[in-house]
1. Name the single residue, out of those in the stretch 10-31 being closer than 24 Å to residue 86 by Cα and in contact with a helix residue (DSSP H, G or I) (Cβ under 7 Å, 6 or more places away or on another chain), that is surrounded by the fewest Cβ atoms within 10 Å (Cβ to Cβ).
2. Kindly provide the set of residues from the stretch 133-153 that are surrounded by fewer than 12 Cβ atoms within 10 Å (Cβ to Cβ) and over 11 Å from residue 113 (Cα atoms), ordered by number.
3. Within 17 Å of residue 9 (Cα to Cα), touching a helix residue (DSSP H, G or I) at 6+ places or on another chain (Cβ under 7 Å), touching a residue at least 40 places away in the same chain (Cβ under 8 Å) and buried (at least 18 other Cβ atoms within 10 Å of the Cβ): is that true of residue 62 in this structure?
4. So, in the stretch 32-59, exactly how many residues are part of a loop (DSSP other than H, G, I, E, B) and either touching a residue at least 24 places away in the same chain (Cβ under 8 Å) or surrounded by 14 or more Cβ atoms within 10 Å (Cβ to Cβ) (or both)?
5. Please list, ordered by first then second residue, the pairs with beta carbon atoms under 6 Å, 6 or more apart or interchain, first in the stretch 141-156 and assigned to a strand (DSSP E or B), second modelled with pLDDT of 85 or more and surrounded by fewer than 13 Cβ atoms within 10 Å (Cβ to Cβ).
């Protein structure tokens, strides 16, 4: 029989923490709790929501959502975080809605930024996500207006090297 999903609480430098064990490891979540009663209430809430997320199969999303829930202060903010978890567990946002990325071909343009190697964040981008491109330029930065992510292309360069293009 599997062990019940529990957690623990502790105080460190005047901040109350709720510790939960997730498939990605144990995580101590700081809370705005000011006393033991409030910390225990937050502990019960976080453990309940963690169990729901893990039962629904959201192991990757659970740490960020639980961290957001833990740091919320005030009943309205906590309810908003729980509502987001409810929606996710209900399945209404598990499938991404396909929307056309370019609606008006005559008035649209495609731009790109090149990279010498594939960055880990490329795998987290999905077609249609919004990007804001910032490039360091001397003493400041050049910032482009928002654009929709189209994809990552690669092509070979001299001496067997690859060049990666993020198109938006």
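The values are calculated or read from the model by the stated rules, or taken from the named source; none is laboratory data. What you see is a predicted model; the values in this text were computed from it and never measured. FYI the Cβ positions are ideal-geometry reconstructions off the backbone, even for glycines, and counts take in every protein chain you see.
1. First, pick out the residues of the stretch 10-31 that are closer than 24 Å to residue 86 by Cα: 17-31.
Of the ones still in play, those that are also in contact with a helix residue (DSSP H, G or I) (Cβ under 7 Å, 6 or more places away or on another chain) are 18, 20, 22, 24, 27, 29-31.
Numbers: 18: 26, 20: 23, 22: 16, 24: 10, 27: 18, 29: 21, 30: 13, 31: 22.
Among those residues, the one meeting the criterion is 24.
2. Scanning the stretch 133-153 gives 136, 137, 138, 139, 140, 141, 142, 143, 145, 146.
3. Details: within 17 Å of residue 9 (Cα to Cα): no; touching a helix residue (DSSP H, G or I) at 6+ places or on another chain (Cβ under 7 Å): yes; touching a residue at least 40 places away in the same chain (Cβ under 8 Å): yes; buried (at least 18 other Cβ atoms within 10 Å of the Cβ): yes.
It is false that residue 62 is within 17 Å of residue 9 (Cα to Cα), touching a helix residue (DSSP H, G or I) at 6+ places or on another chain (Cβ under 7 Å), touching a residue at least 40 places away in the same chain (Cβ under 8 Å) and buried (at least 18 other Cβ atoms within 10 Å of the Cβ).
4. First pass over the stretch 32-59, keeping only residues part of a loop (DSSP other than H, G, I, E, B): 32-35, 56-59.
Still in the list and also either touching a residue at least 24 places away in the same chain (Cβ under 8 Å) or surrounded by 14 or more Cβ atoms within 10 Å (Cβ to Cβ) (or both): 32-33, 56, 58-59.
Going through the stretch 32-59 one residue at a time, the tally reaches 5.
5. Matching pairs, first to second residue: 154/162.
A quick yes/no check of all residues on (1) part of a strand (DSSP E or B); (2) surrounded by 10 or more Cβ atoms within 10 Å (Cβ to Cβ); (3) modelled with pLDDT of 85 or more:
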{"residue": "77", "(1), (2), (3)": "no, yes, no"}
{"residue": "80", "(1), (2), (3)": "no, yes, no"}
{"residue": "85", "(1), (2), (3)": "no, yes, no"}
{"residue": "89", "(1), (2), (3)": "no, yes, no"}
{"residue": "92", "(1), (2), (3)": "no, no, no"}
{"residue": "97", "(1), (2), (3)": "no, no, no"}
{"residue": "103", "(1), (2), (3)": "no, no, no"}
{"residue": "114", "(1), (2), (3)": "yes, yes, no"}
{"residue": "164", "(1), (2), (3)": "yes, yes, yes"}
